[in-house]
């Protein structure tokens, strides 16, 4: 027969192992589920401000530039990188922009928590909306893969990487995407 003290020690050890497993699982769940509904809403607004700033060039391009961290960058595959607010604003500022310019249409946004903040992915369709009787045309599209961070000013892009549709540069599949 097992003594009462050995039984108690065995039970205590078993409970300790079980508690450790539960705590470990909760910590892993917290890392994955660290984003709140408010975070998702704020990130969706960030994506909208990016598109609006890109299309309109508002605030001399700085509406677009301020969707990034001060040292943030956009990478246009295969070999163009623009970094920092000044260069990002200059990149997006052009004479053909205005308050009613519409080019960026995005859909299928995927957002996941990451140790740094969040990762995101979104499809892009580029179009020219016809003016003065001209037809509207689709001019391109692709997918963005994003690293997002929460700053004192709210959510910002740390890095956006754009892959044009049907390009030979294929992004890694996000972990939340369905299998191929």
**Q.** Cα→Cβ-extended label distance, 7 Å offset, between residue 93 and residue 40, nm
**A.** 3.8 nm
Q) What's the extension gain from residue 166 to residue 129 if we count 0.36 nm per residue and subtract their Cα-Cα distance? A) 11.0 nm
Q) Distances over 20 Å make up what percent of all Cα-Cα pairs in region 36-164? A) 43 percent
Q. Between residue 107 and residue 71, what length in nm is gained on full extension when 0.36 nm per residue of separation is reduced by their alpha carbon distance?
A. 10.3 nm
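Computed from the coordinates by the stated procedures, all read-outs in this text should not be read as laboratory data. Everything numeric here is computed off the predicted structure, so don't read it as measured data. Cβ: placed from backbone, ideal geometry, glycine included. Neighbour counts: every protein chain shown.
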